[in-house]
1. Has the stretch 383-401 got at least one residue that is more than 28 Å from F264 (Cα to Cα), part of a loop (DSSP other than H, G, I, E, B) and modelled with pLDDT under 95?
2. From (1) among the β-branched types (V, I, T); (2) surrounded by 24 or more Cβ atoms within 10 Å (Cβ to Cβ); (3) out of contact with any Asp or Glu (no Cβ under 8 Å at 6 or more places or on another chain), pick out the condition that doesn't hold for V112.
3. On the given criteria, is A177 open to solvent by 30 Å² or more (accessible area, probe 1.4 Å) and among the small types (G, A, S)?
4. Give me the residue from the stretch 21-33 that is out of contact with any helix residue (DSSP H, G or I) (no Cβ under 9 Å at 6 or more places or on another chain) and under 19 Å from T348 (Cα atoms) and, out of that set, surrounded by the fewest Cβ atoms within 10 Å (Cβ to Cβ).
5. What number of residues in the stretch 375-390 are charged (D, E, K, R) and either open to solvent by less than 40 Å² (accessible area, probe 1.4 Å) or farther than 13 Å from R328 by Cβ (or both)?
6. Taking V271 and the conditions (1) open to solvent by 10 Å² or more (accessible area, probe 1.4 Å); (2) within 23 Å of P323 (Cα to Cα), which numbered condition does it fall short on, given that it satisfies the others?
Amino acid sequence: MTQQFADGQRIVLRPGLVIDGRSDAPRRDLEIVIEDGTIVALRSARPSAPQDATVVELPETTVLPGLIDCHVHYTIDPSLDVQGIARGAVEPPERAVLIGARNARRALSAGVTTARSAGASRSLDISLAAAIAAGDVPGPRLIPSGAAVTITGGHGQHFGIQVDSIDGMITAVRALARDGALVIKLVASEAAMLTTGLAGVQELTTEEMSAMSREARRLGLRVLVHAQSSPAVAAAAEAGVDSIEHAFLADEAALQSLKDSGAFLTPTLTVTDVYSRMPGLTAEVTRRQAEISAKHRAACEMAIRMGIPVVTGTDCGVRGVFPDMIAREIALLHDHGLEAMDAIRAATVNAARLLGLSDEIGMVEAGMRADLIAVPGDPTADLRRLAQTLLVMRHGVIVHKPEQTPVGTREYS
């Protein structure tokens, strides 16, 4: 359901608790005042409300910033087999965009109000982002990357632009910016999960990534890099990118390079969690997945201990990884070393910083966009509650509210 309010009308949310993004614990007895899609006040709850206000009572819930998924592939169908990415590349574009619309709607219902695309065949995520922004299809605010930049025959070949010279790579970055990409995705290594061993071999060099990163920054764009092996992670960090994705096989030296660079890590723990539990795999693949999963978790735990800033990314579109698994990613970060509130910050405050949107989203305070969700009880006591969205508000509009949600609304005049 979507609930639109009259222009200029004030909305007052009154939850049991508020996670504001700054405080170390949920806060009680507060109300959130919203006008024209923006939070205008976070204050002590009052017995009455301003004139022309709609009060939304949310007893026994926690309201927190809308969740941010920093690694999505909405135009790929996650129900496809292990070669789904390759098959997705040859899907008719009309079908791929419809798959994207379906996935975006599912993500929004799960509380994802902002997402960063991590590569789409034929740059179809740019069209999807525009359709969401225009209100033609429901979904999170989507930051499109367009097609990823990869080497000829590289891991990103099925959803990327294949180039093999620095001049060609710079041209690719410029073309993506021209076509509407708001972030640039580079593919620096193989994907260990898709090879016949623990490979993750480096594909892009430091010099190539540095050239593309400089050009992206000149154009006002940020850069994310798929990198799994230690050499690829270290090279990407040295190239000055904004975030490194996965780092499944990274050792301590590579992670130290990442920390020294100031880049963020998007570990995508959900991927190996899903694969380690997937039925129907051969004994050899099951063994390999178990080994990759153990290395992945060890690398993530080490990164957290080292103080590397971590953000949430599901990598939805990969087989079995669906767009509503953001709560699972948050819980996995907690399982592997983050305190519960810090795991929530990975999906809110930290993710907003990575995307350069800290002045708009990621916190509940005056001046921020009213991108908010409500969940039952206190999610810091049980992060699984984040999977039970009772209300999703995007830019001041209630875009998801299950029929059974115990929400009361009162008009004041």
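The values are calculated or read from the model by the stated rules, or taken from the named source; none is laboratory data. Bear in mind that the values here come from a model prediction, so they are computed numbers and not experimental data. Every residue, glycine among them, receives a Cβ derived from its backbone with ideal geometry; neighbour counts consider all protein chains shown. Just the protein is used for accessible areas: all its heavy atoms, side chains included, with ligands, DNA and RNA removed. Shrake-Rupley method; radii C 1.70, N 1.55, O 1.52, S 1.80 Å.
1. Looking through the stretch 383-401, at least one residue is more than 28 Å from F264 (Cα to Cα), part of a loop (DSSP other than H, G, I, E, B) and modelled with pLDDT under 95.
2. (3)
3. Numbers: open to solvent by 30 Å² or more (accessible area, probe 1.4 Å): yes; among the small types (G, A, S): yes.
Taking the combined requirement at face value, the residue satisfies it.
4. Selected residue: R27.
5. 2
6. Of everything listed in (1) open to solvent by 10 Å² or more (accessible area, probe 1.4 Å); (2) within 23 Å of P323 (Cα to Cα), V271 misses just condition (1).
To keep it simple, each residue is scored yes or no on (1) closer than 19 Å to V318 by Cβ; (2) hydrophobic (A, V, I, L, M, F, W, C); (3) modelled with pLDDT of 95 or more; (4) touching a helix residue (DSSP H, G or I) at 6+ places or on another chain (Cβ under 6 Å).
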position	(1), (2), (3), (4)
P92	no, no, no, no
S109	no, no, yes, no
T113	no, no, yes, no
A118	yes, yes, yes, no
G156	yes, no, no, no
F159	yes, yes, no, yes
V163	no, yes, yes, yes
D167	no, no, yes, no
A191	yes, yes, no, yes
